[in-house]
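What follows is a single structure, written as structure tokens, with notes after it.
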Amino acid sequence: MVEYTAFNFHLHSMQLLRNPKPCVSLFHHLLRLKITPSCSCPSNHFSTVSTTDPTTTGPTTPTTSTSVLIDAGSSNRKPVDLWPGMFHSPAIYALWEARSSTLEKSDGPSLPKAPSRSRTTIFYNFSSDHMLREQYRNPWNHIRMGKLVEDFDALAGTVAFKHCSNEDGTARPLLLVTASVDKMVLTKPIHIDADLTIVGAVTWVGRSSMEIQLELIQSAQGNPNISNSPALVAKFTFVARDSATGKAAPINQVSPENEEERLLWEEAEERNKLRKRKNQEQKHGDCEDTSRLKALLAEARIFCDMPALANRDSILMTDTGLQNSFICQPQQRNIHGRIFGGFLMRRAFELAFSTAYAFAGAAPHFLEVDHVDFFKPVDVGNFLRLKSCVLYTEHDNSDEPLVNVEVVAHVTKPEHRSSEVSNRFYFTFGVDPEGIKNGLRIRHVVPATEEEARKVLERVDAENLTLVKKDGNLQVVKEHKSTPNTNV
């Protein structure tokens, strides 16, 4: 297993190692890496990487007499234009640094690999590293989830890279890209002042795709308010493409070693089969949605035709939206030269958070990444537009309603007068119960067009929810709480 431990920043220590050239990199004077050969790996490319200072008392990884101490600025001895992501987080920078020296070797997939061969861990020493903690702190002194989501994608990519590597430590010339994020559920609060660990491993492999499960675990360290159970679990799907042809490329299969890993494989296999069935159903269309579409659009006609009589506890979906636009810069690229998927997830999360904030009237708290689709790659120089809206709200628990937000990314090419959807992101946020007690009102969202109504139905079905007529409003509720005579 590979462990990337606490990112402690010590400028004075770095200056003792070498005198860095000015204006070279954002991080070259901030990090120090300790590369320790690992006996469980065939090469030093996947050895233990630590960024802790020897003088600190925080958690450290085992070292040997052959340890080599270098500073992260060593990467800048190469031409700057060969290095991606100069302004990503320290975690991402260290992960990509560890992969940078791996040699490519044209070869087919090797024998099946155990999940332990690619299992990778990142450790965040938040309890004692003030500068690291400051990078992940939001204005409310909570964890900045967008930054963690970005790190999750980088860690999943590293796990995929290691699983597809050869036994001799070389890597096949593959493009490994994020295809989707099936689920990312926050099960308990994450504290900004307590150490945390993210662990990732391959759980399932198809012919050219793989599922990677990541778990975020926060150390209790004597705090009775923190348990050692996972605070967040995420499932990423990566696909492998031949770097020369761009076509799907076969990858190493996975060989579970114990009962838990076999169970994870079986669950992932079922999800893959279900995903294929849903794709087939969407291709053939579904006439049974007609009645639900009519019910969803009925209230919208009142907003459009008789706005003075519209329900004041409802709002049109189009009136909940926000958007932003930006040019994708070279500093945001990944090791393949395209825009890093984690960066796109972070920007989408931040827009979704702002959308929920403006809609609810109080700062929301993150609960889930419901789903993420990566349809097309985003390249450096692309003009990217992110558009968001509130799809629906859930009032099962009247004291803590939920807000579900969609963000759609469009690659826009003005010179070609074209715009294509590259990504879709879905997030769920909760609203502070204290705000509800103080009179905060969370409105129901009404789709005004058939396209908007279909988007609602798609997410309702994906989340196993149902539509119920209640108090004159069509509401989204958990399936088990619906009753037959009120279902739509």
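Looking only at the range 157-168, filter to residues that are assigned to a helix (DSSP H, G or I) and either free of Cβ contacts under 8 Å to residues at least 60 places away in the same chain or not small (Gly, Ala, Ser) (or both); which one of those is surrounded by the most Cβ atoms within 10 Å (Cβ to Cβ)?
Val159
When you check Phe161 against the structure, is it among the hydrophobic types (A, V, I, L, M, F, W, C) and either assigned by the TED database to the domain that holds Glu368 or closer than 22 Å to Val378 by Cα (or both), yes or no?
For Phe161, the condition - among the hydrophobic types (A, V, I, L, M, F, W, C) and either assigned by the TED database to the domain that holds Glu368 or closer than 22 Å to Val378 by Cα (or both) - is met.
Of the residues in the range 177-200, how many are open to solvent by 10 Å² or more (accessible area, probe 1.4 Å) and over 25 Å from Arg333 (Cβ atoms)?
13
On the basis of being within 17 Å of Val181 (Cβ to Cβ), touching a residue at least 12 places away in the same chain (Cβ under 8 Å), in a strand (DSSP E or B) and touching an Asp or Glu at 6+ places or on another chain (Cβ under 9 Å), does Ala268 make the cut?
It is false that Ala268 is within 17 Å of Val181 (Cβ to Cβ), touching a residue at least 12 places away in the same chain (Cβ under 8 Å), in a strand (DSSP E or B) and touching an Asp or Glu at 6+ places or on another chain (Cβ under 9 Å).
Quick one: which residue in Glu400, Glu406 is assigned by the TED database to the domain that holds Arg459, charged (D, E, K, R) and farther than 21 Å from Arg144 by Cα?
The conditions single out Glu400.
Does Leu309 satisfy the criteria of being closer than 29 Å to Glu350 by Cα and aliphatic (A, V, I, L, M)?
The answer is no for Leu309.
Which one of the conditions (1) of a type outside the set (A, V, I, L, M, F, W, C); (2) surrounded by fewer than 17 Cβ atoms within 10 Å (Cβ to Cβ); (3) not in a loop (DSSP other than H, G, I, E, B) does Asn404 fail to meet, given that it meets all the rest?
Failing condition for Asn404: (2).
Is one or more of the residues making up the range 272-288 outside the structural domain of Thr412 (by the TED database), at pLDDT below 90, part of a helix (DSSP H, G or I) and touching a Gly at 6+ places or on another chain (Cβ under 8 Å)?
yes
Give the residue, chosen from Gly321, Gly337, that is modelled with pLDDT of 90 or more, small (Gly, Ala, Ser) and assigned by the TED database to the domain that holds Glu450.
Gly321
List every residue pair whose Cβ atoms lie under 7 Å apart, where the two residues are 6 or more positions apart in sequence or sit on different chains, the first residue falls within the range 228-240 and is at pLDDT below 90, and the second residue, located anywhere, is open to solvent by less than 40 Å² (accessible area, probe 1.4 Å).
Once the first residue is at pLDDT below 90 and sits in the range 228-240, its partners that are open to solvent by less than 40 Å² (accessible area, probe 1.4 Å) give Asn228/Ala220.
Restricting attention to the range 450-468, which residues are under 18 Å from Thr428 (Cβ atoms), surrounded by fewer than 20 Cβ atoms within 10 Å (Cβ to Cβ) and among the basic types (Lys, Arg)?
Arg459
Let me confirm something: among Ala154, Ala171, which residue is surrounded by fewer than 21 Cβ atoms within 10 Å (Cβ to Cβ) and not charged (D, E, K, R)?
Ala171
Quick one: in the range 429-446, of everything that is assigned to a loop (DSSP other than H, G, I, E, B), touching a residue at least 12 places away in the same chain (Cβ under 8 Å) and out of contact with any Ser or Thr (no Cβ under 7 Å at 6 or more places or on another chain), which residue is nearest to Arg312 (Cα to Cα)?
The qualifying residue nearest to Arg312 (Cα to Cα) is Arg441.
Given the criteria free of Cβ contacts under 8 Å to residues at least 24 places away in the same chain, surrounded by 12 or more Cβ atoms within 10 Å (Cβ to Cβ), of a type in the set (Asp, Glu) and in the same structural domain as Val476 (by the TED database), does Asp313 qualify?
In short, no.
I'd like to verify a number: residues in the range 409-446 that are touching a strand residue (DSSP E or B) at 6+ places or on another chain (Cβ under 8 Å) and either small (Gly, Ala, Ser) or open to solvent by less than 40 Å² (accessible area, probe 1.4 Å) (or both), how many?
Of the residues in the range 409-446, 19 are touching a strand residue (DSSP E or B) at 6+ places or on another chain (Cβ under 8 Å) and either small (Gly, Ala, Ser) or open to solvent by less than 40 Å² (accessible area, probe 1.4 Å) (or both).
So if I check each of Val185, Val149, which one is assigned to a helix (DSSP H, G or I) and β-branched (Val, Ile, Thr)?
After applying the criteria, what remains is Val149.
The values are calculated or read from the model by the stated rules, or taken from the named source; none is laboratory data. Values in this document were obtained by computation on a predicted structure and should not be read as measured data. With ideal geometry, Cβ positions are generated from the backbone for all residues, glycine too; neighbour counts draw on all protein chains shown. We work out accessible area using only protein heavy atoms, side chains counted, and drop any ligands, DNA or RNA first. Shrake-Rupley method; radii C 1.70, N 1.55, O 1.52, S 1.80 Å.
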